[in-house]
Amino acid sequence: MASAPASASATAASATEGPKIVWNEKQRRFETEDKEAYIEYVLVNDGKVMDILHTYVPHSKRGLGMASHLCVAAFDHAKSHSMSIIPHLFLCL
């Protein structure tokens, strides 16, 4: 399945709003368009719960709030699909 926009708020990217984040359903992650930064998850409880496992942001994109943008995209997606979230990542708490 092709990548789809994560949400309207996450995809309305501009210099002031942040990067465009896309949902890569096949790889179970949300990622920047260039695929360099991402947040990985697994679905549990018959797809009703998103367990956020890992975030990666390359050195060149650190300090820009990239991990926060990835978390927001994942949280928006979960909310719009009536899912609960297990934030195993400290930065998502």
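The values are calculated or read from the model by the stated rules, or taken from the named source; none is laboratory data. If you're wondering where the values come from, they're calculated on a predicted model, not measured in any experiment. Virtual Cβ from ideal backbone geometry, glycine too; neighbours counted across all protein chains shown.
Quick test for you: out of 39, 85, pick the one residue that is in contact with a Cys (Cβ under 9 Å, 6 or more places away or on another chain), at pLDDT 95 or above and surrounded by 13 or more Cβ atoms within 10 Å (Cβ to Cβ).
39
Those strands (runs of 3 or more DSSP E) of the stretch 19-93 in which 2 or more residues are hydrophobic (A, V, I, L, M, F, W, C) occupy 21-24, 38-44, 49-56, 84-87. Just for the stretch 42-61: of the residues that are of a type in the set (A, V, I, L, M, F, W, C) and out of contact with any helix residue (DSSP H, G or I) (no Cβ under 8 Å at 6 or more places or on another chain), which one is modelled with the lowest pLDDT? The qualifying residue modelled with the lowest pLDDT is 53. Taken over the stretch 52-81, residues that are farther than 20 Å from residue 22 by Cβ and either in contact (Cβ under 8 Å) with a residue 12 or more places away in the chain or crowded, with 16+ Cβ neighbours inside 10 Å (or both) amount to 0.
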